[in-house]
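One structure is given below, encoded as structure tokens.
The values are calculated or read from the model by the stated rules, or taken from the named source; none is laboratory data. Source: prediction; values computed, not measured. All Cβ positions, glycine included, derive from the backbone under ideal geometry; neighbour counts span all protein chains shown. Accessible surface is based on the protein model in full, side chains and every heavy atom, while ligands, DNA and RNA are left aside. Shrake-Rupley method; radii C 1.70, N 1.55, O 1.52, S 1.80 Å.
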Amino acid sequence: MTEKLAQTQYPVHDFIGRRWSPRAFSDRPVEQDKLLSVLEAARWAPSSYNHQPWSFIVATKDDSTEYSRLLNILVEFNQGWAKNAPVLILAVAKTHNDDGKINRHAFHDVGLAIENLVIQATALGLSVHQIAGFSVDAARKEYRIPEGYEPATAIVVGYAGDPQNLSDGLRERELAPRIRKPLKEFVFTGQWGTISTLVL
């Protein structure tokens, strides 16, 4: 397993510092109790008005048919590396409340649930990679997702594997250092673009 600790400017929790998104996954199965724990963590995420607008479609290699269905909605590039992981998840956002009004916080709240899932996974020694590269239309058709719900992201869960098993280009990306914008690029005070004195 490749460990890539965040080089933070200020202290953060160890689970945040250790969290990253590998593409090299082991075929080692994820224990059911651990998978349930990461889903339970997602369940307890905060959400606007406690609407909890998230749903998760889960497929494991224990059921090869369901696993293939979910894998096939990913774009070909992502299928190439994700197929090694034992768990695939499709996260779906409920974009309209029961009264029919648009929930403009739905994707924000689904993101919070996924971050809970990711941090819990990290605490359990698992790795998670979220995927934007999938077909929304294929997901909607394959799983009969109704109107008012939107496939948000695909998620790969498993134990980190050996980067040497990746193609050359992916291996380089896997081993590259983690980079983030400094705080002064996005922490403002007073008006947009005015760097907060907190981070000067």
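Brief remarks follow.
- The range 21-105: C-alpha gyration tensor shape, a/c 1.5 cut-off, then a/b vs b/c: prolate
- Extension gain, Val75 to Val136: 0.36 nm times the residue separation minus the Cα-Cα distance gives 20.9 nm.
- Its relative contact order, with pairs defined as Cα atoms under 8 Å and 6+ residues apart, puts the chain at 29 percent.
- Each part reduced to its alpha carbon centroid, the range 6-39 and the range 49-89 end up 17 Å apart.
- Using a Gaussian network model of the chain in which every pair of alpha carbons under 10 angstrom is joined by a spring, one finds that among Gln164, Gln52, Gln120 the greatest mean-square fluctuation is at Gln164.
- Longest site-free stretch - the chain; sites: trypsin sites (Lys or Arg not before Pro), DSSP loop, at most 13 other Cβ within 10 Å: 1-100
- The helix-based estimate of mean residue ellipticity at 222 nm for the chain, built from -39,500 (n - 2.57) per DSSP H run of four or more residues and divided by its residue count, is -9500 deg cm²/dmol to the nearest 500.
- Among (i) 102; (ii) 131; (iii) 150, the entry that matches volume of the Cα convex hull per residue in Å³ as calculated here: (iii)
- When the chain is treated as a GNM with alpha-carbon contacts under 10 Å, the residue of Gly190, Gly148, Gly133 showing the greatest mean-square fluctuation is Gly190.
- Solvent-accessible surface ranking, highest first, for Trp44, Trp54 at 1.4 angstrom: Trp44, Trp54
- Close lysine pairs were tallied over the chain: pairs 8 or more places apart or on different chains with Cα atoms under 19 Å apart number 4.
- Proportion of all alpha-carbon pairs of the range 73-185 beyond 17 Å (%): 65
- Taking GluC sites (Glu not before Pro) across the range 1-101, the ones in a DSSP loop with at most 12 further Cβ atoms lying within 10 angstrom of their Cβ are Glu3, Glu31.
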